[in-house]
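The values are calculated or read from the model by the stated rules, or taken from the named source; none is laboratory data. These numbers were taken from a predicted model, which means no experiment stands behind them. Here the Cβ positions follow ideal geometry from the backbone for every residue, glycine too, while neighbour counts run over all protein chains shown.
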Amino acid sequence: MNTITIPKNLAKNHDLLVVEKDSFDKLEKDNFELRSAIKAILAGELALRRGKTRTFKQFLKARFAKYAKSY
């Protein structure tokens, strides 16, 4: 087993955490995806408040006309 000594001046009254790089990379990726999703939700909320959205029926007519008839 290897021992690593971390000097006190690097810690400076902060908690230190050691994790495997693979675990950290996965967590970082998950956080990025979460931030992206939240940004998209906020953008949608803002568009809704500004009246720049369309109804589901309008969406169907524009993208899936054959389904809009039955809706």
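Filter region 36-50 down to the residues that are surrounded by 10 or more Cβ atoms within 10 Å (Cβ to Cβ) and among the charged types (D, E, K, R) and list them by number.
Across region 36-50, the qualifying residues are LYS39, GLU45.
Only one of THR53, THR3 is modelled with pLDDT under 95, exposed (fewer than 10 other Cβ atoms within 10 Å of the Cβ), out of contact with any strand residue (DSSP E or B) (no Cβ under 9 Å at 6 or more places or on another chain) and not charged (D, E, K, R); which?
The conditions single out THR3.
Looking only at residues in region 17-50 that are part of a loop (DSSP other than H, G, I, E, B) and within 29 Å of ILE4 (Cα to Cα), which one is modelled with the highest pLDDT?
GLU20
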